[in-house]
1. Are any of the pairs LYS38/LYS166; LYS38/LYS116; LYS38/LYS112; LYS112/LYS139; LYS38/LYS89 more than 23 Å apart by Cα-Cα distance, and if so, which?
2. Mind checking the full-extension length gain between TRP185 and GLU197? Use 0.36 nm per residue of separation minus the Cα-Cα distance, one decimal, nm.
3. Identify the trypsin sites (Lys or Arg not before Pro) of region 163-208 meeting these criteria: DSSP loop state and at most 12 other C-beta atoms within 10 Å of the C-beta.
4. Would you please give the residues with an amide H less than 5 Å from that of VAL177, counting only those at least 5 places away or on a separate chain, with H modeled from the backbone geometry?
5. Could you calculate the contour length gain from ASP131 to ASP163, that is, 0.36 nm times the residue separation minus the distance between their Cα atoms, to one decimal place in nm?
6. Provide TRP146, TRP160 in ascending order of the number of other Cβ atoms located within 10 Å of each residue's Cβ, fewest first.
7. Taking H as built 1.01 Å from N, whose amide H comes closer than 5 Å to the amide H of ASP32, not counting residues under 5 places away?
8. Grab the Cα-Cα distance for VAL14 and ARG30, subtract it from 0.36 nm times how many residues apart they are, and report the gain in nm with one decimal.
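Just so it is clear, none of the values below were taken in a lab; they were calculated from the coordinates. As the structure is a computational prediction, the values presented were derived from the model and not from experiment. Cβ sites come from the backbone with ideal geometry, for glycine too, and all protein chains shown count toward neighbours.
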Amino acid sequence: MALVLALLIKTFLVQAFSIPSDSMQNTLQRGDRVLVDKLTPWFGAEPGRGEVVVFRDPGNWLEGEPAPEPNAVQKVLGFIGLMPSADEKDLIKRVIAIGGDTVECRRGGPVKVNGKALHEPDIFPGNSACDDKPFGPFKVPAGKLWVMGDHRQMSSDSRWHMDDPKTHGFVPVGDVVGRAVVVAWPLNRWATLPVPETFDQPGIGDRPATAAPGVSPAVPR
């Protein structure tokens, strides 16, 4: 009965996820365990701007990444959801823009969503918003997400897959496993993962009709 309950919780309610890289520093550190809310999508809720989400690899984004070999105990705990499963090829990033949004970032400037500049105190100290890979402006297609890591210079995110003929850098909403809501381990790093205030600024949901859907024809320099 306990096993059945654990499997139901993993499938429909909440699941642990281990942070595999440095791409979300300093919000998340390599080795942190976060709890992912899998319930709200069942009620029609879709990912929102600023949320940290776990999603299935949309198109070989994890190619070349090392995969640790779990022991027998870790395999069992992963199967029932008490530990992240090594078999699940998932990524974790922050949602920057959702379907219908116009997103851009010019060298030396901030990320802009629908013309509103994002104030991003959570990005890794010393990183620029996008100087290593500027992009846009372009419109995010319906049903897709534009995602970025908080450690911009260590994150293989939407920016680095714009030339991918399969994804063009966008993550399908259907590939999202759930929203990361809390850092549960280690205990000295316990913290919730709220949406930064900049994503709630007035007018950010007002969508200009100037950018064409898809990848921009040129990357601004």
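1. LYS38/LYS166; LYS38/LYS116; LYS38/LYS112
2. Taking 0.36 nm per residue and subtracting the Cα distance, the gain is 1.8 nm.
3. LYS166
4. VAL54, PHE55, ARG56
5. Result for the pair: 9.7 nm of gain on full extension.
6. Exposure proxy ranking, most exposed first: TRP160, TRP146.
7. Amide H neighbours of ASP32: ILE19.
8. 3.7 nm
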